Ligand code: NAD
């Protein structure tokens, strides 16, 4: 894993976290987004987080400078070459991801592994239109990436075992614990987590309890570090809705129908922390 060259496509909350984590562990990282201001926002966020780590003595100023010097903003994925691993962390929309993977497959050769950070979309379908579908895999990081240790590694129907092994080793080199799962809707993490969040939204919608009460029940009663409505805001309500739709369509089972309140909030642009308002308000 020496001198690994990583491209991160999508500089939102996950892409920024992946770039920072990889650069901290010595990867050379290129970061791109189709909204250039997102890359600038990601870089200033990293700068601020690393400065806090210096203030609290977890990093030295030299280490901070070295980490930031390993992260390069680029206008497009096509601006770089000789990439070992490309991790896509763009919006959770299948058609958009399929298009981006087709373009990545056209640009990079068979030596580049293309990984998706998708929370729920089929890796086999994302891979289908790429030039080397056997080089496509899921690498599902958890939020916030610098803190959370799990990476769910998702094998598509055609993923080669050498690709899986490389990605498991890359996740370990980033200081993470990779767990291998197969390509089913929501994989393991969101197949279990998201119906719980959706049920909490149904409970709120039906007036069973207030948002604070629902979160407190799950925090104090089930020992969850964060209540499900707070967690939904943290993940992003648009992402939660997309995942529920993938589960609903993928299993054709009404138990996965998205709560109407979730849909209504997304329609209104109330996306949680990233938009400033979700179940709670953020300044
Ligand atoms: P986000 O909205 O914060 O960021 C998405 C970024 O993708 C934006 O900056 C957007 O400009 C960019 N983008 C959109 N289309 C693009 C394109 N065609 N080319 C380049 N950039 C493009 O979203 P996020 O929370 O970072 O989620 C990104 C991915 O990670 C999604 O697939 C999501 O399901 C997954 N994920 C999210 C979480 C979470 O808790 N938010 C956890 C694990 C995985």
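Just so it is clear, none of the values below were taken in a lab; they were calculated from the coordinates. Since the structure is predicted, the reported quantities are computational estimates derived from the model, not experimental observations. For neighbour counting, all protein chains shown are included, and Cβ atoms are generated from backbone atoms with ideal geometry for every residue, glycine included.
Is it the case that region 242-255 has a residue that's within 15 Å of the ligand (Cβ to nearest atom), over 19 Å from the mean Cα position of the chain (by Cα) and not in a loop (DSSP other than H, G, I, E, B)?
Yes, because at least one residue in region 242-255 is within 15 Å of the ligand (Cβ to nearest atom), over 19 Å from the mean Cα position of the chain (by Cα) and not in a loop (DSSP other than H, G, I, E, B).
Return yes or no: is residue 213 farther than 24 Å from residue 12 by Cα and not in a helix (DSSP H, G or I)?
When the stated conditions are applied, residue 213 does not pass them.
Of everything in region 190-214, what is surrounded by 24 or more Cβ atoms within 10 Å (Cβ to Cβ) and over 20 Å from the mean Cα position of the chain (by Cα)? Give them in sequence order.
Selection gives 200, 201.
Restricting attention to region 1-17, and to residues there that are more than 9 Å from the ligand (Cβ to nearest atom) and touching a strand residue (DSSP E or B) at 6+ places or on another chain (Cβ under 9 Å), which single residue is farthest from residue 92 (Cα to Cα)?
3
Looking only at region 159-171, which residues are touching a residue at least 12 places away in the same chain (Cβ under 8 Å) and either closer than 17 Å to residue 118 by Cα or surrounded by fewer than 18 Cβ atoms within 10 Å (Cβ to Cβ) (or both)?
159, 160, 164, 167, 168, 169, 171
Quick one: is residue 99 within 11 Å of the ligand (Cβ to nearest atom) and touching a strand residue (DSSP E or B) at 6+ places or on another chain (Cβ under 7 Å)?
So residue 99 does not fit the description; no.
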